[in-house]
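Below is one structure, written out as C-alpha cells; the observations come after it.
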Amino acid sequence: MTTSAGTVQGAVRPASGAASLRGSRPMTTPSTSTNTGVRPLETNALGVQRFREDRPSKSEFVTIPYWESVEAMSRFAGDDPTRIHHLERDPEFLIEPLESVRILIIVASSGRFTTDAEDGRVIP
C-alpha cells in the first residue's frame, strides 16, 4: 500500500470566518464544512489535517487528507483526483479560486501526535 496525500492551499477573507470552516479539498470550500466540506473527507479518508495562518488581510489554509492510495482518492473524488470540486458559495469566501489538488506520495514519517478536535492543540 502506498499512502497518498492530496493537498490544497488557498486564502479566504478574514472577516468571513471561513478559515476555521475551510475544509479540505479535494472537494470542499469554506461555505459548508460539515455536510459537503470536511465531513465527507473525515468519513472516507484515513485522516485529515487542516492548517491555518491568520493575517490582517487574509487567512491562508492548507488541507491535507490522507488516503490508502491515489486509486482510493479517485474512488472518492472521481476520475481526476486533482480536479477541484467547487461549491456554490466558493466565490463568497475564497480570495482566488482554487486551481487543483496536489497529490503527494508519503515516503517517510516519524513522531507521534494527535490533536484535540475542540481547539486544535497538538497533544504529544
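The values are calculated or read from the model by the stated rules, or taken from the named source; none is laboratory data. Everything numeric in this text was worked out from a predicted model, so none of it was measured. Neighbour counts run over all protein chains shown; Cβ positions are idealised from the backbone, glycine included. With ligands, DNA and RNA removed, areas are computed over all heavy atoms of the protein, side chains included. Shrake-Rupley method; radii C 1.70, N 1.55, O 1.52, S 1.80 Å.
Brief remarks on what is shown
- For I95, the residues whose modelled amide H falls within less than 5 Å of its own, excluding neighbours fewer than 5 places apart on the same chain, are A11, V12, R13.
- Carbon and sulfur %, accessible surface of the stretch 35-90 computed with the full protein complex present, 1.4 Å: 45 percent
- In the stretch 60-92, the GluC sites (Glu not before Pro) that fall in loop regions by DSSP, at most 10 other Cβ within 10 Å: E88
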